[in-house]
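This report refers to the structure that appears directly beneath it.
Throughout, read-outs are computed from the coordinates displayed, never taken from laboratory work. Computed from a prediction, not measured in an experiment: that's the story for all the values here. Using ideal geometry, Cβ is built from the backbone for each residue, glycine included, and neighbour counts are taken over all protein chains shown.
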Amino acid sequence: MIRLGVNIDHVATLRNARGGLEPEPVVAAGICASAGADSIVVHLREDRRHIHDDDVLAIRRTVDVKLNLEMSIDEGVVKRALEVEPNQATLVPEKRRELTTEGGLDVIADFDPLKDVADELKKKNIIVSLFVEPDKYQIEKAKEAGAQMIEIHTGHYADYFKKDQHLQELKKIRESVLFAREIGIEVACGHGLTLQNVPLIAGIKDIVEFNIGHSIISKALFTGLYQSVKDMKRIITDNRLK
Ligand code: PXP
């Protein structure tokens, strides 16, 4: 059964816009779970610009589905992750001034620190996933660094999709998924996915998980969060079965 992780960072962004309490990320997490989300994804950024430490703790304590913590290998964030013990940690590159994660890790260049953090997390039974480009060399190194999963960056695919030039990137993703499966590593996909562009990727059978945020939260303004999660889950599941 294909899994959907819902990233709720943007709920925190809206809350922080007024510095108050509403809308509460933990409530959003509960609604996502009741609508069929298989995990809640939050990115605890080094500058805490959206999700805060208290949000992560509240979600961990009260929400009944898997917590996938997106994180850099910054020392303070790693310390917090080891305290919170999410079910899964997705290691991502992080630049202070980026609007959102801009691409996959360079596992070849940052192999040693990534491996050290992966080892620490795994000691706590946290599943480690590395966010990478659809690139065989990066995937091979991710496995060598101890990742049990990878998440393939679909942001370029999403950008090309808008210009109707996505088929080459789709091919790269398909080949990367196959390669990862051959070397025994599970594959998630995420970034920039929408109801329009997800069907082609959902048709790639070996993907086990999608992590989607911006589109689900944006649609939720018009349909409600519960319905928005349901709509995304249905489109992924339907295209999986085709
Ligand atoms: N996966 C990773 C690793 C991400 O960094 C993000 C963005 O926080 C997502 C998935 C979700 O991307 P989007 O908000 O574009 O759906």
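With N the number of residues in the chain, Rg(Cα) / (2.2 N^0.38 Å) evaluates to 0.94.
In region 158-190, which residues have a backbone nitrogen under 11 Å from the label point lying 7 Å from I2's Cα in the Cα-to-Cβ direction? Only 189 pass the distance filter.
Of the peptides 58-64, 124-130, the ranking by mean beta-carbon count within 10 Å, highest at the top, reads 124-130, 58-64.
For a modelled paramagnetic label at E83, 7 Å from Cα along Cα-to-Cβ, the residues of region 9-51 in reach, with backbone nitrogen under 19 Å, are 26, 42-51.
Distance cut-off 25 Å, Cα to Cα: go down the list K123/K171; K143/K171; K115/K136; K172/K205 and report the pairs above it. Table pairs above 25 Å Cα-Cα are K123/K171. Ordering N211, F161, A58 by Cα displacement along the dipole of the chain toward the positive end leaves F161 in first place; charges were set at the Cβ atoms of Lys, Arg (+1) and Asp, Glu (-1). For region 85-121, applying the loop criterion from DSSP together with a ceiling of 12 other beta carbons within 10 Å to the trypsin sites (Lys or Arg not before Pro) yields K95, R96, R97.
Given R0 = 22 Å, the distance between the Cβ atoms of K124 and D238 translates into a calculated FRET efficiency of 0.05. Near the amide H of L105, within less than 5 Å, lie the amide hydrogens of F131, V132, E133, all on another chain or at least 5 residues away, with H placed in the peptide plane. Its residues counted as N, region 148-242 yields a C-alpha radius of gyration over 2.2 N^0.38 Å of 1.07. Full extension of the chain between E175 and Q196 yields a length gain of 5.4 nm, computed as 0.36 nm times the residue separation minus the alpha carbon distance.
With contacts taken as Cα pairs under 8 Å and at least 6 residues apart, the chain reaches a relative contact order of 19 percent.
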